[in-house]
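Notes to accompany the following structure.
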Amino acid sequence: MTYALEICEYLARELNNQNGTILKLHSVYGSAANYKTINGRIVTFLSSQRSMGVASICLPTDNIREFFYGIDELHIYNSLLIGKSAKIDFSNSEIISPYISGYMNLNKKADLASQLKKVIISNIPENGIYKEIAKLKILNLPEFPGVTSNGIYPERFGKLLESILHNVETDALDEIFKGIIGYGIGLTPSADDFILGILAVYSSCDRVFKNLAQVCKANIYRTNDISAEMLFHGSEKRFCEPIIEFFKSSDISKATANIRNIGYSSGHDILCGIYAGLILLCEV
């Protein structure tokens, strides 16, 4: 059978440029399967229950693990991804853009930051980035017993925010990123999710974003493959559907809920990054 549902615009273009090549299995989870292209990029196949990612295809199945069982390779041939038991026709799929086309909510960034702060402090996961950033005065976040760090990372994140605020040169920013990327829990470590949130906000500010993106790309080898792919695309201004919706939605409650549903603490960590980015923009 031939299947297709939704595909990221960027991915459809990339796959069409790789006709005749093979994708190798990278990893399989309950709702996602990852394959690696010949140039090292990761293609993610998602179940129908998941929101669209960046380089992803959403399929009409609830069980991705079962769908891709035993398929170690996928062959690209004339807009088809061909495996042992299925053909995925990405030419007839609905195309989803991974770019933030409008920044409606940034027009009221101070009000948005205030609303987001309430969401963040009312839904703090047991682990995650909050404990590392709660001490930072610029963010004006309350500290809570049991979720406050006593380690070296609050200082590192403080330096990161100061560097972004003053748009420091890439060499100085690079040293800070070296001590942060890859830190934290989860398939996508908390620090990486936090950085992604900042990238999403600053993708509207080319002057600062250029330095952030350059340094981020230079250090993605310090984290795992999945997270590195996430940061690579963030550095190219490509984001998952829930993040895109956040910046254009008039219903902040629903928009934040959709992001919080990402992973265990990833969604909250991303929101913390978005909040930090908004606070920095308010300081400019």
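Being touching a residue at least 24 places away in the same chain (Cβ under 8 Å), under 19 Å from D111 (Cα atoms), in contact with a helix residue (DSSP H, G or I) (Cβ under 7 Å, 6 or more places away or on another chain) and among the polar types (S, T, N, Q) is a description that applies to S204.
Going by what's in this entry, would E245 be described as out of contact with any helix residue (DSSP H, G or I) (no Cβ under 6 Å at 6 or more places or on another chain) and either basic (K, R) or more than 24 Å from N140 (Cα to Cα) (or both)? No. I need a count of the residues in the range 256-278 that are charged (D, E, K, R) and surrounded by fewer than 24 Cβ atoms within 10 Å (Cβ to Cβ). Here the count works out to 1. Elements of the type strands (runs of 3 or more DSSP E) sitting completely within the range 66-129 and holding at least 2 residues that are within 18 Å of S56 (Cβ to Cβ) and touching a Leu at 6+ places or on another chain (Cβ under 8 Å): these cover 73-77, 87-89.
When restricted to residues that are acidic (D, E) and more than 21 Å from I96 (Cβ to Cβ), the range 240-280 contains 1. Condition first: in a helix (DSSP H, G or I), polar (S, T, N, Q) and out of contact with any strand residue (DSSP E or B) (no Cβ under 8 Å at 6 or more places or on another chain). Can you find one or more residues in the range 208-217 that meet it? Among the residues of the range 208-217, at least one is in a helix (DSSP H, G or I), polar (S, T, N, Q) and out of contact with any strand residue (DSSP E or B) (no Cβ under 8 Å at 6 or more places or on another chain), which makes the answer yes. When you go through L46, L112, L11, L59 one by one, which is the residue that is closer than 19 Å to N258 by Cα and out of contact with any Cys (no Cβ under 8 Å at 6 or more places or on another chain)? One residue alone meets the criteria, L112. Within the range 232-240, does at least one residue satisfy the condition of being closer than 22 Å to K108 by Cβ, free of Cβ contacts under 8 Å to residues at least 24 places away in the same chain and out of contact with any Phe, Trp or Tyr (no Cβ under 7 Å at 6 or more places or on another chain)? Checking the range 232-240: not a single residue is closer than 22 Å to K108 by Cβ, free of Cβ contacts under 8 Å to residues at least 24 places away in the same chain and out of contact with any Phe, Trp or Tyr (no Cβ under 7 Å at 6 or more places or on another chain). Sort out which residues of the range 1-28 are hydroxyl-bearing (S, T, Y), at pLDDT 90 or above and either surrounded by fewer than 17 Cβ atoms within 10 Å (Cβ to Cβ) or part of a strand (DSSP E or B) (or both), and write them in order of number. Within the range 1-28, T21, S27 qualify.
Based on this model, can you work out whether Y153 counts as over 30 Å from E6 (Cα atoms), at pLDDT 90 or above and of a type outside the set (D, E, K, R)?
Yes, satisfied.
From the list A228, A191, exactly one residue is within 16 Å of the chain's Cα centre (by Cα), surrounded by fewer than 23 Cβ atoms within 10 Å (Cβ to Cβ), closer than 25 Å to F246 by Cβ and not aromatic (F, W, Y). Which is it? So the residue among A228, A191 that is within 16 Å of the chain's Cα centre (by Cα), surrounded by fewer than 23 Cβ atoms within 10 Å (Cβ to Cβ), closer than 25 Å to F246 by Cβ and not aromatic (F, W, Y) is A228.
The residue that is surrounded by the most Cβ atoms within 10 Å (Cβ to Cβ), counting only those in the range 29-44 that are outside any strand (DSSP E or B) and free of Cβ contacts under 8 Å to residues at least 40 places away in the same chain, is T37.
Could you identify the single residue in I100, I133, I164 that is within 30 Å of Q18 (Cβ to Cβ), under 20 Å from the mean Cα position of the chain (by Cα) and either acidic (D, E) or modelled with pLDDT of 90 or more (or both)? Steps first, please.
On the way: I133 fails: within 30 Å of Q18 (Cβ to Cβ); I164 fails: within 30 Å of Q18 (Cβ to Cβ).
Matching residue, one of I100, I133, I164: I100.
The residue of the range 156-187 that is surrounded by the fewest Cβ atoms within 10 Å (Cβ to Cβ), among those that are in a loop (DSSP other than H, G, I, E, B) and either in contact with a Ser or Thr (Cβ under 8 Å, 6 or more places away or on another chain) or touching a residue at least 60 places away in the same chain (Cβ under 8 Å) (or both), is L187.
The values are calculated or read from the model by the stated rules, or taken from the named source; none is laboratory data. Predicted, not measured: the structure shown is a model, and the values here were computed from it. As a convention, Cβ positions derive from the backbone with ideal geometry for all residues, glycine included, and neighbour counts pool all protein chains shown.
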